[in-house]
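Down below is the structure, laid out as structure tokens.
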Amino acid sequence: MPPPPAPSPPSTSISYRCGRAVDGSGTRDRTGRRAGRSRQGPAVLLLHGFPHTWRLWSGVIGPLARRHRVIAPDLRGFGDSERPTGGYDAGTLAADAAGLLEALGAGPAAVVGIDLGTPPAFLLAMRRPGLVRRLVVMESVLGDLPGAEDFLAGGPPWWFGFHAEPGLAETVLAGHEEAYIGWFLDRGTLGRGVPPDVRAEFVRAYTGTGALRAAFGAYRALPAGARQIREAVAGARLTVPALTIGAHPVGRALERQLRPYADRVAGHVIPDCGHIIPLDRPDALLGLLEPFLGADEGPYGRPAGESGLRRGASPTPPSP
């Protein structure tokens, strides 16, 4: 069997217009990746998943921007970013993020990823630890690393296979995007829904065959991402302080995957919270993010084995 094709190289020459995420405007680089950002303090890079855009972070950008320089891009192929034919594997998305941080002079940054944004956040921290000050990952799994067996006992979520089949989902869903995206938003908030303006923005961003095809590129590249993650942990450990945050349905699966490969990791599960944590429980998320992102000393900053939070400790009890 021939080797898989190499991922598309990332664009690293990036030019930005001035913009502020906190008031809903943004910036666009020459490759068309869109990023909302604020300007003050140590940098925090926020990486969304599906079916999101940078507006996923609407409820937390303002509070975070009081102390941090917040950078919230649309990932390659998502939202208002351009839609190249390839480069949707986690490694290339991580390289995109590295190029963004370097172009903005924003490293080392805290990097926060959720859903499809988690694997590139993890690979960025593994491959470029000098660019990453702290890592937060949420509601996802890291390829096929051990630890997620309970979550995956019935197989991956059904839409993984649906999205992965080339040409299928974007053809079937054409004209039905609002209902499809709405299903994820309602389910991901345990029926509570998201603000109408955010919902409308997500629907707009995923309407049309081209938009869907680009978004599903990340699912079609999951096998390549799983291989990249295996290769990363085979040769190195995660050395930056890390925090995993779970909710429904992933829970502690990500924490269990990450723990054997990380020097400093803590895990939390937010109760009564859906998969789309930043929109469903933004206050609870901020209660975890703000002390972790601002900690240079204390329990979150101590290596495993020192006093304070031990490696892999979970300050909240396991979910039932």
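The values are calculated or read from the model by the stated rules, or taken from the named source; none is laboratory data. Computed from a predicted model, the values in this text were never measured in an experiment. Note: ideal-geometry Cβ built from the backbone for every residue, glycine included; neighbour counts use all protein chains shown. SASA here: full protein model, heavy atoms, side chains in, ligands and nucleic acids out. Shrake-Rupley method; radii C 1.70, N 1.55, O 1.52, S 1.80 Å.
Here are the numbers for the structure shown:
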quantity: Net charge of Cβ neighbours under 9 Å - reference T239; Lys, Arg +1; Asp, Glu -1; calculated: +1
quantity: Segments 125-133, 111-119 sorted - mean Cβ within 10 Å per residue, highest first; calculated: 111-119, 125-133
quantity: Shape of region 77-164, Cα gyration tensor, a/c cut at 1.5; calculated: oblate
quantity: Accessible area of region 121-192 belonging to carbon and sulfur atoms, whole % at 1.4 Å probe; calculated: 59
quantity: Ordering of 185-197, 249-261 by packing [mean C-beta count within 10 Å, highest first]; calculated: 249-261, 185-197
quantity: Cα centroid of region 248-299 to Cα centroid of region 198-243, whole Å; calculated: 19
